[in-house]
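The values are calculated or read from the model by the stated rules, or taken from the named source; none is laboratory data. Fair warning: this is a prediction, and the values are worked out from it, not measured in the lab. In this analysis, Cβ positions are derived from the backbone assuming ideal geometry, glycine residues included, and neighbour counts consider all displayed protein chains. Only protein heavy atoms, including side chains, enter the accessible area calculation; ligands, DNA and RNA are left aside. Shrake-Rupley method; radii C 1.70, N 1.55, O 1.52, S 1.80 Å.
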Amino acid sequence: MAQSNDSLWGGRFASGPNDALAALSRSTHFDFRLAPYDLRGTSAHIKALHKAGYLSSSELAVLEGAIAQLLEKVLAGSFGPLPQEEDVHAALERGLIEIAGSDIAGKIRACRSRNDQIATLIRTFLLDAASELEKQLHSYLAALVAQATKHRGVAMPGRTHFQHAQPVLLSHHLLAHAWPMVRNLERLENWRERANLSPYGSGALAGNTLGLDANLVAKELGFAGVTQNSMDATASRDVVAEFSFIATMIAVDLSRFAEEIIAWSTFEFGYVTLDDAFSTGSSIMPQKKNPDIAELARGKAGRLIGNHTGLLATLKGLPLSYNRDLQEDKEPVFDSVDNLLLVLPAFSGMVATLSFNTELLESLAPMGYSLATDVAEWLVKQGVPFRDAHEITGELVKFCEQHDLQLQEPTDAQLAAISNHLTPEVREVIDVQIAISARSTAGGTSLSEVDKQLGTLNKLLAGEK
Ligand code: ARG
């Protein structure tokens with residue numbers, strides 16, 4: 001059965017859309033959340049219409065009142081889309097007509113298309129979402145910095161291939177998770193420059209004939225300027241895709257720390273204890289305390305990757321300019337924003353309340369012959385070519401493994417038997433704190449270098465550059 005057509009485009013059709021088409025076409029279930037943004041756009045638009053001479057001052061005032069009233073209803077939840085309405089634009093036009101009458105509200109649609117409208121709305125929505133994400137990323141960074149500050153000087157095993165490699169400071173490890181988020185913040189800031197242009201006035205694709213002042217609309221909406229090409233502005237979604245990438249990168253970065261926290265909280269590792277408020281129990285095993293936040297963060301990363309991949313696939317091969325396929329940009333990016341904004345506060349809380357078993361971390365730091373590189377580099381300082389130093393140290397490790405000894409434990413005679421370069425002085429470098437403080441080159445794990453990181457991050461959190 002076909003429904004009657006009181007939509008935004010009924011004129012040239014003898015009948016209304018078939019129900020199946022209407023159901024497929026409808027986007028109100030996800031795009032109505034853009035209603036406040038759409039009303040802001042309309043509010044700017046009517047100012048431009050007034051300036052161009054298509055609305056009198058009194059009509060402008062009526063419409064401004066109507067928009068304010070409708071916005072209130074939308075925010076209160078007392079105005080929503082009707083089942084037969086295709087999208088947020090149709091619903092809001094009806095809402096304004098209900099308040100201001102069709103003679104006045106019927107003038108609003110002049111000079112704009114849903115194509116430039118939606119291209120604008122998604123930008124305004126994402127610019128706000130970026131600010132929310134930035135706040136959450138700051139809280140996460142603050143949690144990492146607080147933990148790193150609290151545990152200044154504590155050593156732990158540093159790993160490569162998940163095997164003991166070289167000792168590092170716990171703060172160094174924690175801050176290694178901070179810098180990717182700093183880069184994500186920089187990405188958002190940089191993305192903002194591209195997102196901050198208004199497609200409004202591009203019309204359906206070619207611009208408009210009524211002389212609408214696109215700069216006025218852009219200014220009203222808080223954009224820095226107007227897009228340069230109306231076809232590009234209505235057809236491209238790289239601004240959405242780029243945002244989606246940043247969101248996905250944030251999720252992927254969180255998933256890496258999540259994985260470590262999951263391992264660290266096991267009985268075998270015992271590095272950390274999760275706070276009760278940030279862990280969950282089991283319905284059958286009374287002893288369990290599960291790292292669900294970390295696991296959900298890890299799981300959500302997969303979901304965001306899916307959203308991002310799907311969005312890129314939607315964009316691939318689309319000819320200029322607007323195609324209805326572009327409607328598919330919203331659900332994935334909304335979902336990514338919503339899920340990140342769920343994950344981030346929980347994740348930050350979990351990190352802020354982690355309690356570290358520092359004694360255990362310190363005692364494990366030299367295990368697994370993690371100071372062998374220090375022995376090899378000590379030999380280099382004695383003039384031994386690194387190739388030989390590596391070989392000699394390898395022999396020392398083999399000897400220790402065979403005799404169940406730590407690197408510093410062989411006697412002077414045993415050392416000398418391995419190599420006459422291994423004099424008793426070598427023991428001085430087989431020490432975790434010495435090994436750590438020796439790594440004082442830029443970005444190294446020495447306390448002095450870690451303190452520099454803390455200084456930079458604290459400035460960033462305080463809003464200084
Ligand atoms: N719902 C559409 C979208 O999200 C709005 C633009 C519709 N334009 C059109 N020509 N049907 O992209």
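Can you figure out the FRET efficiency of Val380 with Asn323, using R₀ = 56 Å and their beta-carbon distance, to the nearest 0.05? FRET efficiency, Val380 to Asn323: 0.35. Here the dipole of the stretch 1-70 is about 200 debye; that uses its Cα centre as origin and unit charges on the Cβ of Lys and Arg (positive) and Asp and Glu (negative). For the chain, a crude dipole built from +1 on the beta carbon of Lys and Arg and -1 on the beta carbon of Asp and Glu, taken about the Cα centre, is about 1240 debye to the nearest 20.
Normalise the Debye intensity by I(0) for the stretch 179-223, one equal point scatterer per Cα, no solvent, then take log10 at q = 0.17, 0.22, 0.27 Å⁻¹ and round to two decimals. Result of the Debye calculation: -0.59, -0.76, -0.92. Could you please report the charge total around Ser446, scoring K, R as +1 and D, E as -1 over all other residues with beta-carbon less than 14 angstrom from its beta-carbon? Taking every other residue near Ser446 into account, the sum is -1.
Between the listed residues Val74, Val380, Ser102, the Cα displaced farthest toward the positive end of the dipole of the chain, a dipole computed from Cβ unit charges relative to the Cα centre, is found at Ser102. To the nearest 10, the accessible area of Phe162 is 120 Å² with a 1.4 Å probe.
Can you give me the Kirkwood hydrodynamic radius for the stretch 1-73, using every pair of distinct Cα atoms, in Å to one decimal? It works out to 14.7 Å. Eigenvalues of the alpha-carbon gyration tensor of the stretch 140-183, scaled by 5 and square-rooted, set the equivalent ellipsoid semi-axes at 19, 14, 6 angstrom, largest first.
Charging the Cβ of each Asp and Glu at -1 and of each Lys and Arg at +1, and nothing else, the dipole of the stretch 1-138 about its Cα centre rounds to 320 debye. Helix 35-51 and the longest principal axis of the Cα set of the chain meet at an angle near 50°.
All C-alpha pair distances within the stretch 77-224, sorted into 5 Å bins from zero, spread as 2, 8, 11, 12, 12, 10, 9, 7, 6, 6, 5, 5, 4, 2, 1, 0 percent across the bins. DSSP beta bridges confined to the chain are antiparallel in about 85 percent of cases. In the stretch 104-173, the C-alpha radius of gyration followed by the widest Cα-Cα span (Dmax) gives 24.5, 74 angstrom. In the chain, the DSSP-assigned H stretches of four residues or longer account for a calculated mean residue ellipticity at 222 nm of -19000 deg cm²/dmol, using -39500 (n - 2.57) per stretch and the full residue count as denominator. When you work out D = kT/(6 pi eta Rh) for the chain at 37 °C and 0.692 mPa s, using the Kirkwood radius from C-alpha pairs as Rh and the Stokes-Einstein form, the result is 124 µm²/s. For the stretch 458-464, backbone phi angles converted through the Karplus equation (6.51, -1.76, 1.60; θ = phi - 60°) give residue-by-residue couplings of 5, 5, 4, 5, 7, x, 8 Hz, Gly and Pro being listed as x.
Each pair of Cα atoms in the stretch 96-136 enters the Kirkwood radius, and Stokes-Einstein at 4 °C and 1.567 mPa s then converts it into a translational diffusion coefficient of 105 µm²/s. The alpha-carbon atoms of the stretch 145-210, seen along their principal axes, cover 69, 28, 11 angstrom, with the largest extent given first. The calculated FRET efficiency for Ser131 paired with Ser283, based on their beta-carbon distance and R0 = 41 Å, is about 0.55.
Amide H contacts under 5 Å for Ala155: Leu170, restricted to partners 5 or more places along the chain or on a different chain, H placed in the peptide plane at 1.01 Å from N. Here the label points at Arg256 and Ala417, each 7 Å from Cα along the C-beta direction, are separated by 4.5 nm in the simple model.
Under 25 °C and 0.890 mPa s, how fast does the stretch 381-465 diffuse according to Stokes-Einstein, given a Kirkwood radius computed over C-alpha pairs? Answer in µm²/s, whole number. The calculation lands on 159 µm²/s. Taking only alpha carbon atoms, the stretch 186-255 gives an Rg to Rh ratio of 1.09, where Rh is the Kirkwood radius. When the stretch 189-339 is described by a simple charge dipole with +1 on each Lys and Arg Cβ and -1 on each Asp and Glu Cβ, the residue from Ser336, Ala294, Phe269 located farthest towards its positive end is Ser336.
Take the Cβ atoms of Asp388 and His138, set R0 to 35 Å, and the FRET efficiency comes out at 0.10. What residues from the stretch 14-39 fall in the zone where the backbone N is under 16 Å from a label point 7 Å along the Cα-to-C-beta line of Ile97? Zone members listed by number: 16-17.
Please give the helix 57-76 orientation as an angle from the longest Cα principal axis of the chain, in degrees from 0 to 90, rounded to the nearest 10. Taking Cα atoms only, the helix is inclined about 50 degrees.
The calculated Kirkwood hydrodynamic radius for the stretch 257-329 is 15.3 Å, given to one decimal from all distinct C-alpha pairs. For the stretch 285-437, the square roots a ≥ b ≥ c of the C-alpha gyration tensor eigenvalues yield an a/c of 1.5 or more together with a/b exceeding b/c, which makes the shape prolate. Here the stretch 402-465 and the stretch 257-290 have alpha carbon centers that stand 31 Å from each other.
Ordering Thr234, Leu185, Gly201 by Cα displacement along the dipole of the stretch 169-238 toward the positive end leaves Leu185 in first place; charges were set at the Cβ atoms of Lys, Arg (+1) and Asp, Glu (-1).
Applying both filters, DSSP loop and at most 16 other Cβ atoms within 10 Å, to the chymotrypsin sites (Phe, Trp or Tyr not before Pro) of the stretch 182-288 gives Phe267, Phe269. For the stretch 47-158, go through all pairs of different Cα atoms, get the mean of 1/r, take its inverse, and jot down that Kirkwood value in Å. In the stretch 47-158 this quantity evaluates to 17.9 Å.
Heavy-atom accessible area for Arg187, with the other protein chains in place and a 1.4 Å probe, reaches approximately 90 Å².
For the stretch 196-339, taking Cα atoms only, Rg and Dmax work out to 22.2, 72 Å respectively.
Taking label positions 7 Å along the Cα-Cβ direction at both Ala52 and Thr266, the computed distance is 6.4 nm, reported to one decimal.
Accessible surface of Trp378, taken over heavy atoms with a 1.4 Å probe and every protein chain present, rounds to 30 Å².
Compared with the dominant principal axis of the Cα atoms in the chain, helix 330-352 is inclined by about 40°. What whole-number distance in Å separates the alpha-carbon centres of the stretch 116-174 and the stretch 1-69? Value for the Cα centre distance between the two parts: 42 Å.
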